[in-house]
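The values are calculated or read from the model by the stated rules, or taken from the named source; none is laboratory data. Just so it is clear, the model here is predicted, and its values are computed rather than measured. Reconstructed Cβ throughout: ideal geometry from the backbone, glycine too, with neighbour counts over all protein chains shown. Quick note on the areas: whole protein, heavy atoms, side chains included, nothing else; ligands and nucleic acids left out. Shrake-Rupley method; radii C 1.70, N 1.55, O 1.52, S 1.80 Å.
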Amino acid sequence: MQTVLFHSTVFGPIHSRRLGVSLGINLLPDDGKICSFDCIYCEAGFNAQGPGTTGFPSMQRLQADLRAKLSEMKEAGSALDVITFSGNGEPTLHPQFPQAVDIVIAVRDEFYPEAKISVLTNSTQIDCPEIAVALRKADNAILKLDSAVTSTMRLIDRPNSPDFTSERVIGYLENFGEKAIVQTMLLRGECDGHTVDNTTPEEVDALIDAVSRIKPREVMLYTIDRPTPLKTLSKVSVDDLERVARKLRDKGFNVATAG
């Protein structure tokens with residue numbers, strides 16, 4: 001089974017297709033995965049690998065590790081575009097996520113005030129007022145919406161909650177409006193005997209309707225770039241990415257693609 005990718009609280013920097021030179025923040029265990037989704041494409045593997053034994057990192061560890069890494073990078077003259085919350089699961093599940101955002105902003109300001117703060121989130125916790133406030137403090141609140149059709153979303157993202165629907169999350173995303181960056185993974189394949197394809201005309205029309213309601217600052221469309229735990233998936237072509245992007249751009253939205 002594919003296992004977690006990140007074995008520390010601060011990792012990288014890496015070059016992100018969407019964000020540039022990115023230093024990662026992992027608020028999840030460094031030997032297990034905790035997530036409210038169990039996405040069929042997740043590069044960190046399925047949730048069945050378990051949460052590990054190390055638990056959530058403390059705020060003291062986060063602060064110390066980030067300060068040490070940024071100090072080292074600054075002394076070496078290294079560039080940094082963004083500090084990104086991602087890691088081995090869903091970062092907003094850390095019980096002190098709001099405090100973590102405040103700590104990262106403060107340490108960023110000390111060493112790399114020009115760097116942006118980004119949060120990659122699956123949007124399952126954004127109805128929590130404290131989480132929403134913390135996300136709005138980030139420069140880039142990157143909020144997942146893999147399909148505006150609930151049946152497709154549930155095939156791709158496999159949310160833990162049986163009550164989680166695309167319609168519900170679209171309503172949450174509307175509250176963010178132009179503060180939001182909507183992120184959509186486009187893919188095709190098969191899962192449990194079902195065809196998975198969120199690039200069909202019906203899917204694209206539903207996505208356009210959802211984005212029209214949300215009115216985000218940007219839409220990020222991307223596709224599979226690394227091995228996935230489910231082997232029956234395939235990436236979509238650059239042409240298909242751009243086809244969907246053009247439809248959104250024709251509606252006046254700012255769209256970035258990463259093939």
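Numerical summary
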item: Failed criterion for ILE83 (all others in (1) on the phi > 0 side of the Ramachandran plot; (2) surrounded by 23 or more Cβ atoms within 10 Å (Cβ to Cβ) hold); result: (1)
item: Selected residue (criterion: modelled with the highest pLDDT) from residues of region 37-53 that are within 14 Å of the chain's Cα centre (by Cα) and surrounded by fewer than 20 Cβ atoms within 10 Å (Cβ to Cβ); result: ASP38
item: Single residue of region 248-259 satisfying the filter (surrounded by fewer than 16 Cβ atoms within 10 Å (Cβ to Cβ) and touching a strand residue (DSSP E or B) at 6+ places or on another chain (Cβ under 9 Å)) that is modelled with the lowest pLDDT; result: ALA258
item: Filtered residue count, region 54-72, keeping only those that are of a type in the set (A, V, I, L, M, F, W, C), in contact with a helix residue (DSSP H, G or I) (Cβ under 8 Å, 6 or more places away or on another chain) and open to solvent by 10 Å² or more (accessible area, probe 1.4 Å); result: 1
item: Filtered residue count, region 223-244, keeping only those that are crowded, with 19+ Cβ neighbours inside 10 Å, closer than 24 Å to SER118 by Cα and either touching a Leu at 6+ places or on another chain (Cβ under 7 Å) or at pLDDT 95 or above (or both); result: 2
item: Close pairs (9 angstrom Cβ cut-off, 6 or more residues apart or separate chains): within 21 Å of LEU19 (Cα to Cα) and of a type in the set (Gly, Ala, Ser) in region 60-82, in a loop (DSSP other than H, G, I, E, B) and open to solvent by less than 60 Å² (accessible area, probe 1.4 Å) anywhere; result: none
item: Single residue of PRO51, PRO95, PRO113, PRO57 found to be over 14 Å from SER22 (Cβ atoms) and touching a strand residue (DSSP E or B) at 6+ places or on another chain (Cβ under 9 Å); result: PRO51
item: Members of region 98-133 found to be assigned to a helix (DSSP H, G or I) and either without any contact (Cβ under 8 Å) to a residue 24 or more places away in the chain or in contact with a Ser or Thr (Cβ under 8 Å, 6 or more places away or on another chain) (or both), listed by number; result: ALA106, ASP109, PHE111, PRO129, ILE131
item: Selection count where residues are open to solvent by 20 Å² or more (accessible area, probe 1.4 Å) and more than 17 Å from TYR112 (Cα to Cα), scope region 16-32; result: 4
item: Residues satisfying the stated conditions in region 86-97, i.e. assigned to a helix (DSSP H, G or I) and open to solvent by less than 10 Å² (accessible area, probe 1.4 Å); result: PRO91, THR92, PHE97
item: Matching residues, region 149-167, being in contact (Cβ under 8 Å) with a residue 24 or more places away in the chain and either open to solvent by 20 Å² or more (accessible area, probe 1.4 Å) or of a type outside the set (Gly, Ala, Ser) (or both); result: VAL149, THR152, LEU155, ILE156, ASP157, ARG158, PRO159, ASN160, SER161, PHE164
item: Residue check for ASP31: among the acidic types (Asp, Glu) and assigned to a loop (DSSP other than H, G, I, E, B); result: yes
item: Residue match in region 185-207 (condition: β-branched (Val, Ile, Thr) and under 15 Å from the mean Cα position of the chain (by Cα)); result: no
item: Criterion violated by ARG213 - all others in (1) under 23 Å from VAL119 (Cβ atoms); (2) surrounded by fewer than 18 Cβ atoms within 10 Å (Cβ to Cβ); (3) out of contact with any helix residue (DSSP H, G or I) (no Cβ under 6 Å at 6 or more places or on another chain) satisfied; result: (3)
item: Test: residue in region 93-107 that is modelled with pLDDT under 95 and on the phi < 0 side of the Ramachandran plot; result: no
